[in-house]
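A short worksheet on the structure shown next.
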Amino acid sequence: MSDHDSAWTQAARDIVRAGRRMDQRGWVPATAGNISRRLPDGRIAITRSGGHKGFLDESDVIEVTPDGTPALTGTRASAETLLHTQLYAHDPMIGAVVHGHSVASTVLSMMRRAPFLRLEGYEVLKVFEGQTTHETSVDVPLFDNDQDIARLAGVVAPHLGNMPAGYVIRGHGVYVWGKDMDTALARQEGLEFLLSCELAKAGVNEGKG
């Protein structure tokens, strides 16, 4: 196997592994979510449209160009591919992007009307880039859902470079990334944990009201 082929195989395996992990945690119900990885030579591997992320195999991973176009005629990428390629174009250090639809991210983002969700005082904040103590706060942008992905990408664009914990699309889910798949998954797990904490706190506060 050539180095070219082995790099693709490893990227596909990383995506399959990530899909199973996300499925086990309830973050990609039905056919929701998408996962991508950038190879060292710049190629982008991403889940094809419509597949259940808990049952992926390597054939469910396709190549797209930097503008999100499938490299092979007849393959269909996720409608949200542009949100992945946007991140890769912004930062050459990003090597993986994961997107999931958890209960916490979906419900909490619909409850909060502010343009961001502030996470403050949590030890787990240290999983995000640049955070070294729990005595800090991180703002996670909340963007309104939009079926026009190019338009949504335009709304996200001004915030690129200032989202250490990723972002949330209201009523939809989270986007998180990292230098490699393990980093992206760790940050996603950290964000999902914190969103679950915030949702639990909101329930307690409502109960007191």
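The values are calculated or read from the model by the stated rules, or taken from the named source; none is laboratory data. From a predicted model like this one, the values you see are computed outputs, not experimental measurements. Virtual Cβ from ideal backbone geometry, glycine too; neighbours counted across all protein chains shown. In case anyone asks, the SASA skips ligands and DNA or RNA and just uses the protein heavy atoms, side chains included. Shrake-Rupley method; radii C 1.70, N 1.55, O 1.52, S 1.80 Å.
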Provide the net charge surrounding Val61, with neighbours chosen by a C-beta distance below 15 Å and charges set as Lys +1, Arg +1, Asp -1, Glu -1.
-> +3
Largest first, how would Ser109, Ser49 line up by accessible area (1.4 Å probe)?
-> Ser49, Ser109
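How long are the semi-axes of the equivalent ellipsoid of the range 77-161, taking √(5λ) for every eigenvalue λ of the Cα gyration tensor, in whole Å from largest down?
On the way: eigenvalues 110, 64, 29 Å².
Semi-axis lengths for the range 77-161 are 23, 18, 12 Å.
Which order do the peptides 66-72, 79-85 come out in when sorted by mean C-beta neighbours inside 10 angstrom, highest first? Could the numbers behind the result be given before it?
Values: 66-72: 13.1, 79-85: 21.3.
Final packing ranking: 79-85, 66-72.
Could you put Phe128, Phe55 in order of accessible surface area, largest first, with the 1.4 Å probe and the full protein assembly present? Can you show the working numbers first?
Values: Phe128 5, Phe55 155 Å².
Highest to lowest solvent-accessible surface, that is Phe55, Phe128.
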For the chain, report the accessible area per residue in Å² (1.4 Å probe, heavy atoms, rounded to an integer).
-> 48 Å²
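The chain: longest stretch without exposed trypsin sites (Lys or Arg not before Pro) (DSSP loop, at most 11 other Cβ within 10 Å), sites themselves excluded?
Values: sites that count: Arg76, Arg113.
Result, exposed sites excluded: 114-209.
For a test of the definition: using alpha carbon positions, the gyration tensor, and the 1.5 limit on a/c, classify the range 1-58 as rounded, prolate or oblate.
Since a/c reaches 1.5 and a/b is larger than b/c, the shape of the range 1-58 is classed as prolate.
Please tell me the relative contact order of the chain in percent, rounded to the nearest whole number, where contacts are Cα pairs under 8 Å and at least six residues apart. Kindly include the intermediate steps, with their values, before the conclusion.
Working: 371 pairs, mean separation 39.9, N = 209.
Contact order relative to length: 19 percent.
Over all directions, how big on average is the projection of the convex hull of the alpha-carbon atoms in the range 1-101, in square nanometres? Mind dumping the intermediate values first?
Working: hull surface 24.3 nm².
Its average projected convex-hull area is 6.1 nm².
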In the full protein assembly as shown, how much of Trp177 is accessible to a 1.4 Å probe, in Å² to the nearest 10?
-> 40 Å²
Add -39500 (n - 2.57) for each DSSP H run of 4 or more in the chain, then divide by its residues: what number comes out at 222 nm, to the nearest 500 deg cm²/dmol?
-> -12000 deg cm²/dmol
Over the chain - Rg/Rh using Cα atoms and the Kirkwood inverse-distance radius | 0.97
Cα gyration tensor of the range 46-104, axes a ≥ b ≥ c as square roots of the eigenvalues: rounded (a/c below 1.5), prolate (a/b > b/c) or oblate?
-> oblate
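With N set to the residue count of the range 144-209, report its C-alpha Rg divided by 2.2 N^0.38 Å to two decimal places.
Values: Rg = 14.4 Å, N = 66, 2.2 N^0.38 = 10.8 Å.
Relative to the 2.2 N^0.38 Å estimate, the range 144-209 comes out at 1.34.
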